[in-house]
1. Give me the 1.4 Å probe accessible area per residue for the range 23-106, excluding ligands and nucleic acids, in Å².
2. How large is ³J(HN,Hα), in whole Hz, for each residue of the range 97-102 in order, when computed from phi with the Karplus curve 6.51 cos²θ - 1.76 cosθ + 1.60 and θ = phi - 60°, using x for Gly and Pro?
3. Could you list the square roots of 5 times each eigenvalue of the Cα gyration tensor of the range 1-74, that is, the equivalent ellipsoid semi-axes, sorted largest first and rounded to whole Å?
Amino acid sequence: IYNNVCHQLNGKGLGQFQWNGMLEKNSNTIGTACDDTHMDEDAPGWAGGWIVINASSLTRTNVMDAIRNGNFYASTGPKFNDITFDGKEVHIKTSPVKMVWVVGPSSDGFGKSAEQLGVKAITEYSFKVPKDWKYIYIKIQDKNNKYAWTNTLFKHEVKK
């Protein structure tokens, strides 16, 4: 969903629109952020996009399993500190952010947003899970206009 070198070179580093299209067809499509750096000293592109994995230990097997299973989030800066589900609502805790988007299928207008205007930042947010959404992901934005995206949180078939 984000390529830092492409963003720096030609402004074409965001792929969220294409990712949403893929999710409509296959809710198991994962999204990543990367630097895509070629280590050119004249045009450094590192530390602009990465993934943060959720693994019990940093062994090669656990890291690769987390990536293959989409058990990570993509970021250009903000952090997801905790994501839980109580059976009705998803609860998130983040680094300080100014925007939270809950993104779902296009048939429902792509989701909801929450914005904190003023000085105080959002660090916690909860939302009910729409029963008919076949996927949900969360996007956050910090005060420096940096973003982070979860992979899909719920994947299930919607009966038509």
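The values are calculated or read from the model by the stated rules, or taken from the named source; none is laboratory data. Note that the coordinates shown come from a computational prediction; the quantities given were computed from them, not determined experimentally. Note: accessible area is taken over every heavy atom of the protein model, side chains too, but ligands, DNA and RNA are not part of it. Shrake-Rupley method; radii C 1.70, N 1.55, O 1.52, S 1.80 Å.
1. Working: 4930 Å² over 84 residues.
Value returned for the range 23-106: 59 Å² of accessible area per residue.
2. Once rounded to whole Hz, the list reads 9, 9, 9, 10, 10, 9.
3. Values: eigenvalues 113, 75, 10 Å².
Values for the range 1-74, descending: 24, 19, 7 Å.
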